[in-house]
Each structure stands twice: as structure tokens, then as C-alpha cells.
1. Please tell me if GLU67 is more than 26 Å from ASP28 (Cα to Cα) and at pLDDT 95 or above.
2. Please enumerate the residues belonging to segment 7-38 that are among the hydrophobic types (A, V, I, L, M, F, W, C) and under 11 Å from PRO53 (Cβ atoms).
3. State whether the residues of segment 45-62 include one that is crowded, with 16+ Cβ neighbours inside 10 Å and more than 16 Å from the ligand (Cβ to nearest atom).
4. Give the residues of segment 107-140 that are outside any helix (DSSP H, G or I), in contact (Cβ under 8 Å) with a residue 24 or more places away in the chain and either of a type in the set (D, E, K, R) or farther than 18 Å from THR88 by Cβ (or both), sorted by residue number.
5. Could you please let me know if CYS23 is more than 27 Å from CYS68 (Cα to Cα), surrounded by 14 or more Cβ atoms within 10 Å (Cβ to Cβ) and not small (Gly, Ala, Ser)?
6. From the list THR70, THR15, THR21, exactly one residue is within 16 Å of the ligand (Cβ to nearest atom) and among the β-branched types (Val, Ile, Thr). Which is it?
7. Collect the residues in segment 26-36 that are surrounded by 15 or more Cβ atoms within 10 Å (Cβ to Cβ) and either away from the ligand (no atom under 16 Å from the Cβ) or of a type outside the set (Val, Ile, Thr) (or both), keeping them in residue-number order.
8. Give the residue, chosen from SER14, SER18, that is in contact with a helix residue (DSSP H, G or I) (Cβ under 7 Å, 6 or more places away or on another chain), among the polar types (S, T, N, Q) and open to solvent by less than 60 Å² (accessible area, probe 1.4 Å).
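The values are calculated or read from the model by the stated rules, or taken from the named source; none is laboratory data. Computed from a predicted structure; not experimentally measured. Note: ideal-geometry Cβ built from the backbone for every residue, glycine included; neighbour counts use all protein chains shown. All accessible areas refer to the heavy atoms of the entire protein, side chains included, with ligands and DNA or RNA removed. Shrake-Rupley method; radii C 1.70, N 1.55, O 1.52, S 1.80 Å.
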Amino acid sequence: QKAGSKKVYEIHGSTWQSYCTSCSEVFDYETSYAQSFKEDVPHCEKCGGVLKPDIVFFGENVKHLYECQTLAEEADLLFVVGSSLTVTPAAFLPSMCPGKIVVVNKGDISYAYLHPQKIFIHAEWDIDDFFKAVEEAGRE
Ligand SMILES: [Zn+2]
């Protein structure tokens, strides 16, 4: 997103905003960040309800799953970056890709939902180092 990507699906939400669990008022990052230093459990300044970051907790439904599934099914190339491929349903998405799959993850990954033969490149690299190397290779 910082690089300019406009079509981004944050399947597990983001910390860029929070919302009130009582009145559904949405708060920007700066407001909810400041509120979290005022009290142990941040509360809505309008109704007193508890504020929750707009991230998906375990047991909650992920966001944009249909859109992500459609993109995976149409992709010629899919990057799996910084994922151990263990948490479903997101871990199912790479197996839906008919194209080449590049996995960049410094730690171990699970093959429970993605057969190793479907992986074109598995780089057990630091993400920044990997993409710097890709950028440099693109200049040669
Ligand atoms: Zn509220």
C-alpha cells in the first residue's frame, strides 16, 4: 500500500482503524492509539463501548474471502509472503492458483494445504532481502 497498490484485500483486517463494539463508530489509527494509552481497555468517546481494532481474531470470519478466492483462481503468479500457511481459510488460497506460486517465508511452512510440487520457488529468506535481490536481478 505504501508503494501505491490500490487494490488490497486485508483478509485479516488491519490496525489502521478500530470501531466501537456498541455503536459501531469507526476511529482512525491515531485516535484509537491515543485512547489505548489513556486506559487499559480503550473505550468509545461517544457511548463508552469497548473499542476493538479492525483485525480478525481467532474464531471470527475473515474479510474479502470471496474476492481473494477469485483472484487466486485467476492468477498466473501468486506470491505467498510472510506466511507459514498454517491458518485457514487463508492457507487454502494458494492451492486454488493455477499459475506459479512463489513462497517467501523465513520460517517453516506447512504443506497441509499446498502440495510442495505446486511451489515454483520457495525462498526461505528474509522478505526485505528477497525483494531487494529481485530488484537487483531485474536491473541486470
Ligand atoms: Zn460507541
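1. On the way: more than 26 Å from ASP28 (Cα to Cα): no; at pLDDT 95 or above: yes.
Against the criterion (more than 26 Å from ASP28 (Cα to Cα) and at pLDDT 95 or above), GLU67 does not qualify.
2. Taking segment 7-38 as the starting set, the residues that turn out to be among the hydrophobic types (A, V, I, L, M, F, W, C) are 8, 11, 16, 20, 23, 26-27, 34, 37.
Matches in segment 7-38: TRP16, PHE27.
3. yes
4. Across segment 107-140, the qualifying residue is only ASP108.
5. Values: more than 27 Å from CYS68 (Cα to Cα): yes; surrounded by 14 or more Cβ atoms within 10 Å (Cβ to Cβ): no; not small (Gly, Ala, Ser): yes.
The answer is no for CYS23.
6. Details: THR70 fails: within 16 Å of the ligand (Cβ to nearest atom); THR15 fails: within 16 Å of the ligand (Cβ to nearest atom).
Residue meeting the stated conditions: THR21.
7. Here is the first cut: in segment 26-36, the residues surrounded by 15 or more Cβ atoms within 10 Å (Cβ to Cβ) are 27, 31-32, 35.
Answer for segment 26-36, where residues must be surrounded by 15 or more Cβ atoms within 10 Å (Cβ to Cβ) and either away from the ligand (no atom under 16 Å from the Cβ) or of a type outside the set (Val, Ile, Thr) (or both): PHE27, SER32, GLN35.
8. Values: SER14 fails: in contact with a helix residue (DSSP H, G or I) (Cβ under 7 Å, 6 or more places away or on another chain).
None of the other options fit; the residue is SER18.
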